[in-house]
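A.B. asks: Structure provided below as structure tokens; questions to follow.
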């Protein structure tokens, strides 16, 4: 199955943990990332100062953070199709963290 390739063109902070993302095909997504920020990689992004370090990687054209967290641009582009699964995964990571 072919995988669509999208490029993040720009980002704008519109609220805490919320970004407006513009893609190379003209599509825009406004995403509140807070519900998916769990686990060892994405959990640190709950701190606003860390989350706000988001940048667009010039090579792969997606969102990246200094701690290595990133999202596939196709996932960001089609966020409504993936959000529920990502939220469930974040909850699992948090449950594992608190159980350990």
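A.B. asks: Please give the helix 79-99 orientation as an angle from the longest Cα principal axis of the chain, in degrees from 0 to 90, rounded to the nearest 10.
C.D. replies: Taking Cα atoms only, the helix is inclined about 20 degrees.
A.B. asks: If each residue's Cβ is checked for other Cβ atoms within 10 Å, how do 56, 5 rank with the fewest at the top? Working shown, then result.
C.D. replies: On the way: 56 17, 5 11.
Exposure proxy ranking, most exposed first: 5, 56.
A.B. asks: Given only helices, namely DSSP H runs of n ≥ 4 each adding -39500 (n - 2.57), what is the per-residue ellipticity at 222 nm of the chain, to the nearest 500 deg cm²/dmol? Each step should come with its number before you reach the end.
C.D. replies: Values: 4 runs with 34 residues, N = 100.
Calculated at 222 nm, the ellipticity per residue is -9500 deg cm²/dmol.
A.B. asks: Okay, moving on. I need the fraction of alpha carbon pairs in the range 8-99 separated by more than 17 Å, rounded to a whole percent. Provide the component values of the computation, followed by the final result.
C.D. replies: Details: 1999 of 4186 pairs.
Tail fraction, whole percent: 48.
A.B. asks: Same structure, new question: For the chain, modelled as a GNM with alpha-carbon contacts under 10 angstrom, which of 22, 41, 63 fluctuates the most?
C.D. replies: Looking only at 22, 41, 63, the biggest GNM fluctuation is shown by 41.
A.B. asks: Give the order of 60, 8 when sorted by the count of other beta carbons within 10 angstrom, beginning with the fewest.
C.D. replies: Exposure proxy ranking, most exposed first: 60, 8.
A.B. asks: What is the distance in Å between the Cα centres of the range 1-26 and the range 29-89?
C.D. replies: One Cα centre to the other: 11 Å.
Bear in mind that the values in this text are calculations on the coordinates, not laboratory data. Everything numeric in this text was worked out from a predicted model, so none of it was measured. When we count neighbours, we look across all protein chains shown, and the Cβ atoms used for this are built from the backbone with ideal geometry, even at glycine.
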